[in-house]
Amino acid sequence: MSLPTPNALRLLVDSSLSQLRAPLEQVHARLPLEITWQPGGQDVQVGRFHLLLLARSPENERLAAAFGERVLLVGGEPGARVLPDLPDVLSLELILGLSRDLLERDQQVADSRALLSELSLMSRMTGLEEKVQCVASTVMNVTRSDGSRLLLAEPDGSFRILDSDGTSHTQTLEPASFLANIARRRQSVIVPADECTHDAVIAMSDLRGRPAHALAISLVSEGRLVGLLVASRSAGAPSYLQDDISQALVIASAAAIALDNLRLYREVRDSYDRLVATQKQLLQVEKLSSLGQLSAGIAHEINNPLFVIMGNLELAIERVEGRLRDYLKKALSNAERIKKIVFDLREFYAPSRNLFVELDLNRILENAIPIVSLQSQSGRVNFKLELGEGLPSVRGDDNQLLQVFTNLLLNAIQAMPEGGDVIVGSRYAAGQVLVEVSDTGVGIPPEHLSRVFDPFFTTKRDWTGTGLGLSVTHTIVENHHGSIEVESTVGTGTTFRVRLPAVPSTAPAVEVDLALKKLPTITNTSLSVLVVDDDEHIREYIQTVLSDSGLASDVAGNAAEALTLARRKPYDLIFLDNKMPGASGLECVGDLRSQNPASKVVLLTGTVTVEEDEIRDLGFWGMLRKPCSSSDILEVVKRIADG
C-alpha cells in the first residue's frame, strides 16, 4: 500500500518555454518540484508526470483535451487551463501549489481505498499468522513505523506475542508494567520516551534495535480485550502525533473485530471437529454394541454343541481306563478352556451386575491372554507372565476385572503394530495386589498422559479405538477401591499399574480340574425328572447322566410338549432350557409350576444374565449355566433329593 507522505510534484516543461526557467527556479525554492525539460507533442509520456506545462500548439491542445487538469498550455489568450506567455512567479507558485494539493488529495483517496481493501482482506483471512502479518504491515505502512508487535490476550491472562517477522512466544506481563496498565484501562496512547526502553515488550518491538518512539493501541471487541498493538519508530524518525493514533485506531478497531471473529471461527470449527469425532466414536460404540449382541448369539450357538461334547467326554472318561482315559481328559480340559473363552467373551460385552467374591487375580490374568491372543498381530506379540506365587485374594467381580486386564492387553497389542513383548506381572505390596501390564510399543506422548482415562479420548486416528476402553477400565478399578496409573516413554513403551486391596490372611484360590471331580452319589432314585431342551443331543446326554445314577427321566423338545407331560405326571425336578422355539423357559416356567407347584424347575441357559439370587423371583429353584458338567447336574439332583 502506498504511503500518505508529501511527494515532490513531478513537472514536465516544454523545452521551448525557456522564459519559464527563472520563475520556476524561484518557485522550486519554496515547493518540492522535480522538473523535466523536453519538447512537447505526441511523444510525451504523460503518465510519468503529475503536471505538464506545454507551449500552445494544435498538437498540445489535443493533449490538453485528452488529459484535462494534468496539462497547462502557455501562450495565447489566458483561460481556465491556459497561462500567459510569461506568468508571474506568484501565479505560477499558486498554480503549482494547488496542483500539489490536488495530488496529495488524490493520494489520500488512493490510500483510503487501499486501507479499506487491506481491512476487507483482513476480515476474510482465516489463518492467524496471515492475519497478524496483514495487521502488522498495515499498521507499519499507515503510521510509517519501523516495527510492530501484536499481543493476543490468552484465557489465562498471559499474552501471545507475535512479531512482524512472524516469530511468536507466550509471555505474562508484569502487573506493574506500562503495557499491563494500558491493557487494564483499554487505552491507546503515545508511549513516553523512557518506557520505550524500560518496558521489555516495547523495547523489542523494533527488530532492528531499541525504538525511540512507540504507540500502544488496545484492541477491544464488544468490551472484551482482544490484545494490544505496539508500533515503533527507530531513532532519527519523527515522534508520533495524535493523528498517528487516530489512524492506528482505525486499523485496531478492524483488527480487533477480525481477530475476535477468528477466535469465534476457530471455536466453531473446533466444536464441529469434536462433534464429527464424537459421532465417529459413537458409531464405534454402536458397532461394539452390535458385536456384543452377536457374541451373545454366538455364545448360545457354541454352548449347545460344547455342552454335548463336554458331557459325552465326561461319560466316556468314566467308562475307560489307561491311556485312552488320559487322552479324553486332555480333550475335556481343552473343551473347558473353550467354555471359559465363550463365557468370558459374552461377559466382556454384556457383563453381569457386580457380584464381589474373593478372587485369585493370577487366574484372571491367565484367562485374559487367550481372549486377546487372536488380535496379537498374527503372532508377532509375545506374552510373558511373571506372576507372583502365593498371592492373597482380592474381593471383586471376576468378569469386570477380566474386562480391565483384557482392555489393558488390547491397548498393549495395538501399541505394537510391528510386534513386540507384553509382560504381565503380579506381586504383593503394602497390603495390595499389584498388577503391571507393560509393552514395548510406541509409547504415549507426555501431553496425552493426563487424558488417557478421559471418555472418548483416543490417539488412534484410523478410528480403530472408541476412546472408552481405558475410561471403563478406570471406573471399574475405582469401583473395586483400587487405583490405576500409567507410565510411558515415547519409542520405548508403556506400563499400566493396577493396585487392588488384598484380602487379609486368605489363601489363593485353587483351580479344580473338572475332569477329576468326583461325581455325587444319588441315594434317592425315586425322584421323577423331566428334561426340556430343543437340542436332542443335550436331552440324550442329561438322560444318560441321570440314568447312570439310577434315575429315570422323561424328555421334551419344547414348552408345549413339556406342558403336556406335566399335566399327565407331577415331576419333582424339571431341567428347563431357556432359548427354544415357541415359548422360552422364562415364559413357560409359570405354566409348568401351575401344573405342580411342588416341582423344582432349574433353568438351563448360556445367555440369560439374571443373577442367581434373583432367579427364584422368576419361579425357578435354581440355574445351571451351559455347558455344565455331569457333577453340576448331579449336585442339583442330590440337593433336591436330600430335601
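The values are calculated or read from the model by the stated rules, or taken from the named source; none is laboratory data. Note that the structure is predicted; figures quoted are calculated from it, not measured. Here the Cβ positions follow ideal geometry from the backbone for every residue, glycine too, while neighbour counts run over all protein chains shown. Protein only, heavy atoms only, side chains kept; ligands, DNA and RNA dropped before computing areas. Shrake-Rupley method; radii C 1.70, N 1.55, O 1.52, S 1.80 Å.
Structure data summary
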read-out	value
Residues located in the stretch 414-437, provided they are among the charged types (D, E, K, R), closer than 17 Å to Arg380 by Cα and assigned to a strand (DSSP E or B)	Asp421
Inter-residue pairs, beta-carbon under 6 Å, first of a type outside the set (A, V, I, L, M) and in the stretch 229-247, second in a helix (DSSP H, G or I), 6+ apart	Gln247/Val142
Residue satisfying all of: in the stretch 152-170; more than 26 Å from the chain's Cα centre (by Cα) and modelled with pLDDT under 80; most open to solvent (accessible area, probe 1.4 Å) among these	Asp165
Within the stretch 314-326, tally of residues that are without any contact (Cβ under 8 Å) to a residue 40 or more places away in the chain and assigned to a helix (DSSP H, G or I)	7
In the stretch 563-589, residue nearest to Lys638 (Cα to Cα) [restricted to those that are of a type in the set (Gly, Ala, Ser) and assigned to a loop (DSSP other than H, G, I, E, B)]	Ser584
Options Thr466, Thr458, Thr494, Thr406; residue that is hydroxyl-bearing (Ser, Thr, Tyr), closer than 25 Å to Pro370 by Cβ, open to solvent by less than 40 Å² (accessible area, probe 1.4 Å) and at pLDDT below 85	Thr466
Count of the stretch 212-224 residues which are more than 12 Å from Ser188 (Cα to Cα) and crowded, with 17+ Cβ neighbours inside 10 Å	3
Options Arg593, Arg568: the member that is surrounded by 17 or more Cβ atoms within 10 Å (Cβ to Cβ) and over 47 Å from the mean Cα position of the chain (by Cα)	Arg593
When residues of the stretch 51-107 are limited to those that are modelled with pLDDT of 80 or more and of a type outside the set (A, V, I, L, M, F, W, C), the one surrounded by the fewest Cβ atoms within 10 Å (Cβ to Cβ)	Pro58
Hey, Val610 of a type in the set (A, V, I, L, M), within 23 Å of Leu306 (Cβ to Cβ), at pLDDT below 90 and within 52 Å of the chain's Cα centre (by Cα) or not	yes
Within the stretch 228-260, considering residues that are part of a helix (DSSP H, G or I) and open to solvent by 80 Å² or more (accessible area, probe 1.4 Å), the one nearest to Val191 (Cα to Cα)	Gln242
Qualifying residue in the stretch 616-624 (condition: aromatic (Phe, Trp, Tyr), crowded, with 20+ Cβ neighbours inside 10 Å and modelled with pLDDT of 90 or more)	yes
